[in-house]
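Comments concern the structure below.
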Ligand code: PNS
């Protein structure tokens with residue numbers, strides 16, 4: 001039985017993420033979506049909200065057998081804990097590869113964990129969580145970029161942040 005982790009910030013999960021998870025699911029027996037902390041980013045949504053949104057999106061997409069979990073520390077430690085032999089990441093283009101390569105090499109250096117890159121659907125290559133947040137922050141339309149319910153959660157998070165700023 002092979003297990004792979006699809007790690008990411010998932011802040012929030014997008015249609016592009018779902019596409020990558022679906023492709024990973026076709027390659028291995030078990031896929032775990034690992035909601036992790038990227039030291040270079042400040043998350044909009046708390047980890048439990050990111051997990052809940054991913055769970056709902058996977059269920060709606062017919063991927064109910066994909067687990068979702070928080071990666072509490074190093075990704076390689078989590079892989080060892082659950083017996084995952086590979087990490088699966090999606091590539092939208094060269095910039096993704098440039099960002100992913102050092103992490104893939106480091107995860108191999110740390111624990112021999114291999115990374116498998118899958119090329120996502122070209123029709124979704126313009127979708128990024130960071131762009132979804134940037135558009136939603138300014139009141140733009142994001143609902144066709146993310147699974148149902150995710151746009152509302154992002155808009156709510158921005159409204160709460162603005163409310164907090166006013167206090
Ligand atoms: O979606 P992202 O932000 O590109 O995903 C990056 C992520 C969260 C997978 C990466 O930052 C990560 O693996 N974080 C967990 C902590 C860790 O293992 N850091 C060392 C990475 S070489």
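Some values worked out for this structure:
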| quantity | calculated |
| --- | --- |
| Verdict on residue 34 being closer than 23 Å to residue 144 by Cα, in contact with a strand residue (DSSP E or B) (Cβ under 8 Å, 6 or more places away or on another chain) and crowded, with 18+ Cβ neighbours inside 10 Å | no |
| Count - residues of the stretch 143-167 that are under 17 Å from the mean Cα position of the chain (by Cα) and either surrounded by 19 or more Cβ atoms within 10 Å (Cβ to Cβ) or in a helix (DSSP H, G or I) (or both) | 7 |
| Matching residues in the stretch 98-123 - criterion: being closer than 16 Å to residue 16 by Cα and either over 16 Å from the mean Cα position of the chain (by Cα) or loosely packed, with under 13 Cβ neighbours inside 10 Å (or both) | 122, 123 |
| Complete set of residues in the stretch 88-102 that are closer than 18 Å to residue 41 by Cβ and either touching a strand residue (DSSP E or B) at 6+ places or on another chain (Cβ under 7 Å) or touching a residue at least 24 places away in the same chain (Cβ under 8 Å) (or both) | 89, 90, 92, 100 |
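Read-outs throughout are calculated quantities, based only on the coordinates presented, and are distinct from any laboratory measurement. On a predicted model such as this, the values are computed, not experimentally measured, just so you know. Neighbour counts run over all protein chains shown; Cβ positions are idealised from the backbone, glycine included.
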